[in-house]
Amino acid sequence: MDITTLTKLATPILIIIVYIVNLIKGMQYDKLENGIIISLLLLNMGIILSMFFINTTNLIIISIILTSLLSSILLLNKNIFELATKILKMDLQWDNIIHRTLFPISLYILLNPIIYFTLSGNLAIFLNNGFFNLINELGFQFLLFIFSFIGIGFGTRRSLKQCINRLDLGAPKILYIIFGLIGIIIINFIVWELPIYLTELISPQLKETVITTVVNESANVESVVQTMKEAIPSLYEIIVMVVVVGISEELLFRGALQPRFGNLYTSLLFSALHFQYLSVLTFVNVFLISYLFGIIKNKTNTSTTILIHIIYDFIAFGGLYLLYNMI
């Protein structure tokens, strides 16, 4: 088994684990909760041992081993768990089996950039004869949609109505949608343009270095976008994609995760799952946009960020599609 095959299994396994944990939480049986902790510790140990039999790079092996060890420490040590949640401003409780297990497991998502940079394989998209195959992407987004409901206890601890309330779905706020779109434009300027202007004031030589970095980073993004254009041949498919992605990702990250994980850690997870552009600047860009979404969500609701996400993605990907087809 290689690392790419292993990462393809990560999301379905995570969904199954979260469902079982929610089911046990609903049963309120302490012995079963202890069994979950032991099972996850054994899973971490198994992942560590599997690294000796998987053909991959030393960087990935070391990263996965360290992540597994940290995940185990968080499962076992209350003081470290509570210290981490305090630093990251999370609303997690050690005595809550869902909180205690989901946080340590989520650390594996942060491996996505390392795996992507090293092997061009990732946790976020199932690779299959093409980097951004529409069917694969929609399939993954469907898993995120399921995860957002299962993760908060649908079918185990909460009814559908309770889940909708927990996900904070309501009437979107138009003024905040406008504010969010303007904020994204400002963030894009800060990340991609402002460094060039600032370095021009400091040193011409430094400016050339910054421009070279931005051009190289942009080339990575350009390559991915070109592949996306080839994989999604029609504007209709882009509309379907941006609607599905906007709903599923915002339900999961802003609706399900952020109320417990906090805006900072949720944005880190969001950025890690969007590393397909192989660009550090894009990683920073996505993190800042996600953090902005988190602020807006706290002031409004998840429906508002869903609409911002859909509108922005449509402008970005729809505009690029039209641009490429006019060239």
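Taking the conditions exactly as written (modelled with pLDDT of 85 or more, within 19 Å of residue 191 (Cα to Cα) and in contact with a Gly (Cβ under 8 Å, 6 or more places away or on another chain)), does residue 292 satisfy them or not? So residue 292 passes the test. If I ask for residues that are of a type in the set (A, V, I, L, M, F, W, C) and in contact (Cβ under 8 Å) with a residue 24 or more places away in the chain, which ones from the range 57-72 would you list? Those that are of a type in the set (A, V, I, L, M, F, W, C) and in contact (Cβ under 8 Å) with a residue 24 or more places away in the chain: 59, 60, 64, 69, 70. The set of residues in the range 76-105 that are under 19 Å from residue 41 (Cα atoms) and among the charged types (D, E, K, R) comprises 78, 82, 95, 100.
In the range 235-327, counting only helices (runs of 4 or more DSSP H) that sit wholly within it, the ones holding 1 or more residues that are free of Cβ contacts under 8 Å to residues at least 60 places away in the same chain and within 14 Å of the chain's Cα centre (by Cα) span 235-250, 258-272, 280-299. Taken together, the residues in the range 306-325 that are under 17 Å from residue 274 (Cα atoms) and not hydrophobic (A, V, I, L, M, F, W, C) amount to 3.
Selection over the range 54-87 of residues that are modelled with pLDDT of 95 or more and not in a helix (DSSP H, G or I) gives a count of 1. Does residue 305 satisfy the criteria of being farther than 23 Å from residue 237 by Cα and touching a helix residue (DSSP H, G or I) at 6+ places or on another chain (Cβ under 9 Å)? Judged against the criteria, residue 305 is not a match. Annotation note: Cβ proximity below 8 Å between a residue of the range 153-173 that is under 18 Å from residue 304 (Cβ atoms) and a residue that is among the aromatic types (Phe, Trp, Tyr) and surrounded by fewer than 17 Cβ atoms within 10 Å (Cβ to Cβ) (sequence gap 6+ or interchain) occurs for no pair. From the list 65, 61, 17, 13, the one residue that fits, being touching a helix residue (DSSP H, G or I) at 6+ places or on another chain (Cβ under 6 Å), under 21 Å from residue 115 (Cβ atoms) and surrounded by fewer than 18 Cβ atoms within 10 Å (Cβ to Cβ), is 65.
The residue that is farthest from residue 139 (Cα to Cα), counting only those in the range 89-98 that are buried (at least 20 other Cβ atoms within 10 Å of the Cβ) and either at pLDDT below 95 or in contact with an Asp or Glu (Cβ under 7 Å, 6 or more places away or on another chain) (or both), is 97.
Every condition in (1) assigned to a helix (DSSP H, G or I); (2) at pLDDT 80 or above holds for residue 6 except the one numbered (2).
The values are calculated or read from the model by the stated rules, or taken from the named source; none is laboratory data. Bear in mind that the values here come from a model prediction, so they are computed numbers and not experimental data. No Cβ is skipped: glycine too gets one built from the backbone with ideal geometry, and neighbour counts run over all protein chains shown.
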